[in-house]
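Here's the structure, in structure tokens; my notes come after.
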Amino acid sequence: MTRFFARKTADRLDAVTGFFALKDGFPWWLPIITALMAALIGVIVSQASVAAWDADVHLWARGGPPASEYAQLLLDADVQEAATSGMMATEDGPALIDSVSVDLTDTLIRVTVRSSGQFDAEALAVSLAHAAVSEAVHRYGADAGLEMLGLVRPGARKVSPATEWTAAWASALGLFGGIGLAWLVATRARSPGSTLGRIGRIGLRPIAVISPDAEHAAGQGVGQPSGSTIAATQDRGAADDDAVMLANAINPLSGIVALVPLDEESGVTATLIQTARTLAARGRSVIWLDARRPAFELSYGAPPPWLTGVPWAPVERWELILRRAAAAVRPNAYVLLLTDPITDPSATIVARSSSAVILLARADASDQHLVDAQLLLSHTRLIGVALTQAQELDLREFELAQTMD
């Protein structure tokens, strides 16, 4: 009942959050939001900045002193003051020069005047050129050879605020920043704290999750009297659910299904027997074969005297196991074969000769042990991993994954 309500709650949460996250957990909406916010901030900041206009005038140093001396006249504060004093004030106040820049190419001088008004910038540029020519005549007399050629282009050009460019750059920066932030969020969401995610990244598929409580409850039904308390009944329900998970994974299979523990602590004999019972209750033919040591261990001494001179070799343990399993195989039937841990040579050979293989591994098994097991089972039909000794969080994540699928 608890799992039923948990599944319903997960469905509701998935419906609410479906718009804000993809199935793989990447928050695709975050870069869009950061790009829009950055563009809006860029527009606001740009509009708040002071307007600026540039106008350009060409002058020619045809004779007299070097062109560089004429260029210095344009930067002289007294000459600039003379240029502005000759300007008529408008309703916005007197025209003022914000900045002056000079570009010298041989005898060609280009002066750029910046002002807060469009028409002021153009008028101030022309006025400054005339003031410089007058100052050159005053200083150098007949030797002065500075002439104004005129405006480089008619009208001033706006240099601030560049609202469109500012918004575009801000939007691009916001987009890249949002992608980085979304990647961090997605990485944190897929942190190693998720056991199922960690197992999946290794390349293994979790097909069942078995909790310690379920294994204990299943153990009560194997050769032990079951408890009569409510807690024992609830534990039995959890054990049945976990056995159903594993039975559902085995159900499409047939033939010899090898159940290979990762180590001694990964075995869940009681739950596996309960799984066999669940399959049998569905009308399927199930043979349970526990091939762990000391089963199938034979001690061979010297060959008997009557075999003297005849080639003789003991039968390998794995061959005895496979003979017994093959003899029990029936059409559309299961032989659930529990082997020794995967480090046992016979377990690997039996797994490679089976129709399907399920790895039994603790939920806290190290990545290296799981990778080593995957390599040992690389030539088998590995269906997936049944996680044992799992925590409640692992159970919820597994159930949620099944619901989403």
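The values are calculated or read from the model by the stated rules, or taken from the named source; none is laboratory data. Here the structure is a predicted model, which means the values were calculated and not measured. Ideal geometry is used to build each Cβ from the backbone, glycine not excepted, and the neighbour counts take in all protein chains shown. In case anyone asks, the SASA skips ligands and DNA or RNA and just uses the protein heavy atoms, side chains included. Shrake-Rupley method; radii C 1.70, N 1.55, O 1.52, S 1.80 Å.
Identify the single condition in (1) open to solvent by less than 50 Å² (accessible area, probe 1.4 Å); (2) within 21 Å of residue 156 (Cβ to Cβ); (3) of a type in the set (Asp, Glu) that residue 76 does not satisfy, given that it satisfies every other one.
Failed condition: (2).
I'd like to check something: does segment 30-37 contain any residue that is open to solvent by less than 60 Å² (accessible area, probe 1.4 Å), part of a loop (DSSP other than H, G, I, E, B) and modelled with pLDDT of 80 or more? Let's see the steps before the verdict.
Filtering segment 30-37 for residues open to solvent by less than 60 Å² (accessible area, probe 1.4 Å) gives 30-31, 34-35.
So of that shortlist, the ones also part of a loop (DSSP other than H, G, I, E, B) come out as none.
Scanning segment 30-37, I find no residue that is open to solvent by less than 60 Å² (accessible area, probe 1.4 Å), part of a loop (DSSP other than H, G, I, E, B) and modelled with pLDDT of 80 or more, so the answer is no.
Suppose the filter is over 31 Å from the mean Cα position of the chain (by Cα), touching a residue at least 24 places away in the same chain (Cβ under 8 Å), open to solvent by 40 Å² or more (accessible area, probe 1.4 Å) and under 25 Å from residue 324 (Cβ atoms); does residue 343 pass it?
Answer is yes for this residue.
Is there a residue being touching a strand residue (DSSP E or B) at 6+ places or on another chain (Cβ under 7 Å), within 16 Å of residue 60 (Cα to Cα) and part of a helix (DSSP H, G or I) anywhere in segment 108-123? Spell out the reasoning first.
Filtering segment 108-123 down to residues touching a strand residue (DSSP E or B) at 6+ places or on another chain (Cβ under 7 Å) leaves 108-118, 121-122.
Then drop every residue that is not within 16 Å of residue 60 (Cα to Cα), which leaves 108-112.
Then drop every residue that is not part of a helix (DSSP H, G or I), which leaves none.
Within segment 108-123, not a single residue is touching a strand residue (DSSP E or B) at 6+ places or on another chain (Cβ under 7 Å), within 16 Å of residue 60 (Cα to Cα) and part of a helix (DSSP H, G or I).
Would you pick out the residues in segment 303-355 that are in a loop (DSSP other than H, G, I, E, B), modelled with pLDDT of 90 or more and of a type in the set (D, E, K, R)?
340, 344
Return a yes/no flag: does segment 220-238 have any residue that is modelled with pLDDT of 75 or more and within 23 Å of residue 397 (Cα to Cα).
Within segment 220-238 (the criterion being modelled with pLDDT of 75 or more and within 23 Å of residue 397 (Cα to Cα)), the answer is no, since none of the residues qualifies.
Return the pairs, sorted by first residue and then second, in which the second residue is in a loop (DSSP other than H, G, I, E, B) and of a type in the set (Gly, Ala, Ser), the first residue lies in segment 316-340 and is closer than 15 Å to residue 276 by Cα and open to solvent by less than 10 Å² (accessible area, probe 1.4 Å), the beta carbons are less than 7 Å apart, and the residues are 6+ apart or on different chains.
333/254; 334/254; 337/291; 337/354; 338/291
Looking at segment 368-405 only, could you name the residues that are of a type in the set (D, E, K, R) and at pLDDT below 90?
Passing the criteria: 392, 394, 396, 397, 399, 405.
Just wondering, is there one or more residues in segment 239-253 that are over 25 Å from residue 367 (Cβ atoms), open to solvent by less than 50 Å² (accessible area, probe 1.4 Å) and modelled with pLDDT under 80?
yes
Output the residue which, of all residues in segment 48-99 that are among the β-branched types (Val, Ile, Thr) and closer than 16 Å to residue 134 by Cα, is modelled with the highest pLDDT.
Of everything passing the filter in segment 48-99, 57 is modelled with the highest pLDDT.
Would you check which residues across segment 349-368 are in contact with a strand residue (DSSP E or B) (Cβ under 8 Å, 6 or more places away or on another chain) and either of a type in the set (D, E, K, R) or farther than 21 Å from residue 247 by Cβ (or both) and list them? Lay out the reasoning, then the answer.
Going residue by residue through segment 349-368, those that are in contact with a strand residue (DSSP E or B) (Cβ under 8 Å, 6 or more places away or on another chain) are 350-351, 353-363.
Residues satisfying the conditions are 350, 353, 362.
Within segment 363-396, take every residue that is surrounded by fewer than 18 Cβ atoms within 10 Å (Cβ to Cβ) and of a type in the set (D, E, K, R) and give me the one that is nearest to the chain's Cα centre (by Cα).
Taking the candidates together, the pick is 367.
Would you say residue 135 is in contact with a helix residue (DSSP H, G or I) (Cβ under 8 Å, 6 or more places away or on another chain) and either open to solvent by 60 Å² or more (accessible area, probe 1.4 Å) or assigned to a helix (DSSP H, G or I) (or both)?
Yes; evaluated as a whole, the condition is true for this residue.
For the structure I just gave you, tell me whether residue 208 is within 30 Å of the chain's Cα centre (by Cα), modelled with pLDDT of 85 or more and either assigned to a loop (DSSP other than H, G, I, E, B) or within 30 Å of residue 362 (Cβ to Cβ) (or both).
Details: within 30 Å of the chain's Cα centre (by Cα): yes; modelled with pLDDT of 85 or more: yes; either assigned to a loop (DSSP other than H, G, I, E, B) or within 30 Å of residue 362 (Cβ to Cβ) (or both): yes.
Yes, satisfied.
Does residue 104 satisfy the criteria of being of a type in the set (A, V, I, L, M, F, W, C), open to solvent by 20 Å² or more (accessible area, probe 1.4 Å), outside any loop (DSSP other than H, G, I, E, B) and under 18 Å from residue 58 (Cβ atoms)?
Numbers: of a type in the set (A, V, I, L, M, F, W, C): yes; open to solvent by 20 Å² or more (accessible area, probe 1.4 Å): yes; outside any loop (DSSP other than H, G, I, E, B): yes; under 18 Å from residue 58 (Cβ atoms): yes.
So residue 104 fits the description; yes.
Any residue in segment 277-288 that's among the basic types (Lys, Arg): show its pairings with residues that are surrounded by fewer than 16 Cβ atoms within 10 Å (Cβ to Cβ) at Cβ separation under 9 Å, as long as the two are six or more apart or on different chains.
282/251; 284/251; 284/332; 284/333
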